[in-house]
Structure formats: structure tokens, C-alpha cells
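Novice: Input: one structure, supplied below.
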Amino acid sequence: MVKKISIVIPCFNESEVIDYTVKELMSFCRRVSQYSYELIFVNDGSSDDTEEKLNKYSHQYQAVRILSFSRNFGHQQAVTAGIDASTGDAIVLIDADLQDPPEVIEQMLEKWESGYDVVYGTRIQRAGESLFKRISARWFYRLLNRMSEVPIPLDTGDFRLMDRQVVDQLIAMPEKARFIRGMVSWIGFNQTSVLYERSPRLAGESKYPLVKMLRFALDGILSFSVKPLKLSIALGFLSSGVAFLMLMYSVYIRLFTNQWVSGWTSVVVSVLFMGGIQLISVGILGEYVARIYNESKGRPLYILKKSKASESTEHVVSAESAD
Ligand code: UDP
Ligand code: MG
């Protein structure tokens, strides 16, 4: 039987690139023709005409399926929706801007055929991205890897192929804070990578401004590590240690010499220092409490709206929500 490949493409205001993307992906499907395909485009509440364009393509091509969100829920949610709806034997995640070249999928398919369950794309170079983005991404992946309890591959985004058995596990994971690349690492099975060069965006702007990027980075760390909590314990011990030494010193000076520690500077400095450490620790604790709160609300992760093009009725996929 012909194996089926699902390609999941999250789209948020990608009107400028979508025509090209559909064309490229369709020509990929025609070229690598030993499989059958479904292209699942997830419109993440775009405010431009991405949805209209996608609807048009879904009429034109049988392989194209559209899911549309009731509002912008975010990239990880969009990918999750596509995964939930996929029916293929292998699922490929790729961005709508084709910064990750479709040709790489062919190598991923080869590795999959040779027995791997997850084949992720690792970037050896990122062309056309700002120095800041390159450096911050580099540091982020290294920091994340240090903190995380499961090793998360360096310089690897969501561009990857996953076997059905991995995807079934992913769908069964109920957590609301989605950090898919980490979750897939956690799931395990046979994982490998293919190296590729990341090209610049075709057109349009990055949909990941700094604030979103920081939030995402923090999400990754907080969802995959409790080390920040341990850090606040370490800070607590450190500052108490310093305070204790200072105390010993002032007692010693007062008792055994005829001088004493004078002035209020030292008092203010140590009060501020302690206050700072306490606030940081409470803040870290707060982030984890907020996570418990979000998980406990049990809201769906995303809401699909009825699409004119597809037969899918309005329904809520009770999974999870990000914020
Ligand atoms: N995206 C999305 N929802 C969002 C932000 C981004 O679905 O809220 C999609 C976007 O359309 C693209 C992918 O996620 O297909 C990656 O976004 P982008 O290329 O802007 O990120 P970058 O490559 O700059 O990190
Ligand atoms: Mg991009």
C-alpha cells in the first residue's frame, strides 16, 4: 500500500508567500511520487487574505486541507492542530515561509524508511536573519539543553518528520504549555537529524517578534526544567552565607577591637540585596504556579472555526491552551 505523508504548515499572515509555498510543496509531492500526501494548512487567525487564498487552493487541489482558528493562538498551537488532524503514516512539520527547504524532506523520508521514527532538521547556518536573532537563538538552545532534564537537540526547530507512533504519543500528551520540540525529545524512540542550511524568508516579516520569542524561550525552559526553582534555593543559601559572614565580622570588630561598623550604607545594601533575591525567587515560584493554574483551567488549546472550504464543523478540540 502507498504510504501517506501529512505535511503540516502553520500560517499566520502569510499572504505574501502562500502562493509560492503551495506551488513548491505541490511540486515536491509530484516529484517524490511514491507516497500519497495531504497538506494541512493551519490558518492561525490571520488578518490578511491568507485564509481566502488557502480556501481557493483547497478547491483546486485534493491534497490540500485547511484548518482555521477562531483567532491567533500561536505557532505551537497551530502545529498541534495540524498534528491532531493528520492521518498520514509520517507527519512533517514545516513553516509557511519555506525557510526550511522542502528538498530536505526527501532526506528525512529516506531516514524514516531506514527505520528512524523522528528525523529533525538541524540548521548549520541561518542566512538572512539578524545577528541578534542568530546569537540569541544560539545561546537559547545551549541554555535550554543545559537546564532541561531531557536532552533537546541544538539548533533544531520544529522542522521535522515524525512517525505515526510518535505522533500518537504526542497527541495523547495533555499539557497546555506546548513546546513541541522538547515534547518530541521526551517521547524518545529512534531519533536522528539531517543537516541543512536555513534560507532567508521569501517575503513578509518574521511573525516572532522579540517579546514572543522571549516568551517562547521561557516556556521552553520552564516546561522542561525545574532548575530555576533550585537556582532560587542556591541564591538563598548564597546570600544567607554572605550575610552570616558579615554578621560575624561586625560582632568580632565590636567585641575584640575598639572600632565598630558604622553608617547605614551596609544596612541598606544588604536589605536591598536580600529583597532582590526574595523577589526573584518569588517570581520564579510564581511562574510555576501560573503554569499549574493554566493547566488546571482545562481550556482547549485552540478553537477551530467552520471553514467554507472544508466540511469540518465548528468544534472544540479539548486539549489545551497556552496562556
Ligand atoms: N506562525 C503562526 N502563528 C504565530 C506566529 C507564527 O502560525 O502566531 C507561523 C508562521 O506563519 C510561520 C511559522 O509559524 O509559518 C514560523 O514563523 P516565522 O517564520 O515568522 O518565525 P521565524 O522563522 O522568524 O522564527
Ligand atoms: Mg521563518
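Novice: Could you grab the relative contact order for the chain? Cα pairs under 8 Å, six or more apart, rounded to a whole percent. Provide the component values of the computation, followed by the final result.
Specialist: Details: 515 pairs, mean separation 65.5, N = 323.
Taking the mean separation of contacting Cα pairs over the length of the chain, I get 20 percent.
Novice: Next question. Would you pull out the residues with amide H under 5 Å of Y37's amide H, same chain only if 5 or more places away, H placed 1.01 Å from N?
Specialist: Those lying under 5 Å, H to H, from Y37 are I5.
Novice: Work from the charge dipole of the chain (Cβ charges, +1 for Lys and Arg, -1 for Asp and Glu, about the Cα centre) and give the residue of S225, Y252, S239 farthest towards its positive end.
Specialist: Value computed over the given set: Y252.
Novice: Is the shape of region 125-238 rounded, prolate or oblate, going by the alpha carbon gyration tensor and its root eigenvalues a ≥ b ≥ c, with a/c under 1.5 for rounded and a/b larger than b/c for prolate? Write down the numbers at each step before the final one.
Specialist: Values: a/c = 1.83, a/b = 1.13, b/c = 1.62.
It is oblate, given that a/c is not under 1.5 and a/b is not larger than b/c.
Novice: Continuing with this model, one more query. Sorted by packing (mean other beta-carbon atoms within 10 Å per residue), highest first, where do 184-192, 72-80, 1-9, 200-208 land? Show your work: numbers first, answer last.
Specialist: Numbers: 184-192: 17.4, 72-80: 23.4, 1-9: 19.1, 200-208: 14.9.
By packing density, highest mean first, the sequence is 72-80, 1-9, 184-192, 200-208.
Novice: Dipole of region 164-309, Cα-centred, from +1 at each Lys and Arg C-beta and -1 at each Asp and Glu C-beta, to the nearest 20 debye?
Specialist: Details: 18 positive and 7 negative charges, 159 e Å.
Here region 164-309 has a charge dipole of around 760 debye.
Novice: Here is a follow-up. Mind putting a number on the dipole of region 143-228 about its Cα centre? Charges go on the C-beta only, +1 for Lys and Arg and -1 for Asp and Glu, and I need it in Debye to the nearest 20.
Specialist: Working: 12 positive and 9 negative charges, 52 e Å.
That gives region 143-228 a dipole magnitude of about 240 debye.
Novice: Using +1 on the beta carbon of Lys and Arg, -1 on that of Asp and Glu, and nothing else charged, what's the dipole of the chain about the Cα centre, debye to 20?
Specialist: On the way: 36 positive and 36 negative charges, 192 e Å.
In total the dipole reaches around 920 debye.
Novice: Say R0 is 35 Å: what FRET efficiency, to the nearest 0.05, do R30 and Y293 get from their beta-carbon distance? Before the final figure, lay out each step's value.
Specialist: Values: r = 48 Å, r/R0 = 1.38.
After rounding to 0.05, the efficiency reads 0.15.
Novice: Another question, then. So if I restrict to the alpha-carbon atoms in region 204-264, what is the Rg, and what is Dmax, the biggest pairwise distance, in Å?
Specialist: So, for region 204-264, Rg and Dmax equal 22.4, 73 Å respectively.
Novice: Using just the helices of the chain, give the 222 nm mean residue ellipticity in deg cm²/dmol: DSSP H runs with n ≥ 4 each add -39,500 (n - 2.57), and the total is spread over all residues, rounded to 500. Please report the intermediate quantities before stating the final value.
Specialist: Working: 10 runs with 162 residues, N = 323.
It lands at -16500 deg cm²/dmol.
Novice: Turning to a different aspect of this structure: Which lysines, if any, have their Cα less than 22 Å from the Cα of K176, not counting same-chain residues under 8 positions apart?
Specialist: K207, K212, K227, K297, K305
Novice: Determine which aspartates and glutamates satisfy two conditions relative to K133: a Cα distance under 14 Å, and not lying fewer than 8 residues away in the same chain.
Specialist: List returned: D155, E205.
Novice: Okay, moving on. Using +1 at the Cβ of each Lys and Arg and -1 at the Cβ of each Asp and Glu in region 1-67, identify which of Y57, S36, V2 lies farthest towards the dipole's positive end.
Specialist: V2
Novice: Comparing V92, V261, V282, which has the greatest mean-square fluctuation in the GNM of the chain with Cα pairs linked when under 10 Å apart?
Specialist: Comparing V92, V261, V282 in a Gaussian network model of the chain, the most mobile one is V261.
Novice: Let me ask something else about it. Lysines within cross-link reach of K23: Cα-Cα under 21 Å, excluding same-chain residues under 8 positions apart?
Specialist: Those lysines meeting the cut-off are K4, K53, K56.
Novice: If I take the Cα coordinates of the chain and project them onto the principal axes, what are the three extents in Å, biggest first?
Specialist: If we take the Cα atoms of the chain, the spans are 92, 39, 35 Å.
Novice: In addition: Looking at the calculated P(r) for region 192-296, what percent of the C-alpha pair distances fall above 20 Å? If you can, show how the numbers build up before the last one.
Specialist: Values: 3521 of 5460 pairs.
Of the Cα pairs, 64 percent sit more than 20 Å apart.
Novice: State log₁₀ I(q)/I(0) for region 244-288 at q = 0.18, 0.20, 0.25 Å⁻¹ as given by the Debye formula over alpha-carbon point scatterers of equal weight, solvent excluded.
Specialist: Listed by q, the Debye log ratios stand at -0.64, -0.71, -0.88.
Novice: Need one number for region 26-70: average projected area of the convex hull over its C-alpha atoms, nm². If you can, show how the numbers build up before the last one.
Specialist: Numbers: hull surface 13.2 nm².
Result: a mean projected hull area of 3.3 nm².
Quick note: the coordinates plus some simple rules give every number you see, no bench work behind them. As the structure is a computational prediction, the values presented were derived from the model and not from experiment. Every residue, glycine as well, gets a Cβ built from its backbone with ideal geometry; the counts of neighbours run over all protein chains shown.
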